[in-house]
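Colleague: The structure that follows is given in the form of structure tokens.
What follows is calculated from the coordinates using simple rules that are stated; it is not laboratory data. Note that the structure is a prediction, hence the values are computed from the model and not measured. Reconstructed Cβ throughout: ideal geometry from the backbone, glycine too, with neighbour counts over all protein chains shown.
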Amino acid sequence: MTLRPSGIDILFVSYKKISCPAARIYTAALAHPDPADPFDRARALVTRAELAIALGDRRHAIRLRAELETLPLSETDRERLGDELLIRE
């Protein structure tokens, strides 16, 4: 009997292969904070946190969420981010 990967297994492996380089790019970009636009930084933090969760690094996602909470975002910016701010611990 030969075991063959299912479609979901193939998609998961492909996703992880894409996620790792993307995570490195976001990590590098976030290493150089740009105080000019906290909304852009917030969006980058949310995306990087999602990648951390996808890669199984929950602790890193929680640290990113903590940084996100410290950003000086207006109420309008927080509304624009909407559900993205609801990263679960």
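Colleague: Determine, for each peptide in 70-79, 50-59, the mean count of other beta carbons within 10 angstrom over its residues, then list the peptides with the highest first.
Modeller: Result, highest mean first: 50-59, 70-79.
Colleague: Under 9 Å from the Cβ of residue 41, count the other residues' Cβ atoms, weight Lys and Arg +1, Asp and Glu -1, and hand me the total.
Modeller: The answer is -3.
Colleague: Can you list the residues, at least 5 places off or on another chain, whose amide H is less than 5 Å from the amide H of residue 71, using H built in the peptide plane?
Modeller: So residue 71 has HN proximity to no qualifying residue.
Colleague: Say R0 is 25 Å: what FRET efficiency, to the nearest 0.05, do residue 37 and residue 59 get from their beta-carbon distance?
Modeller: 0.40
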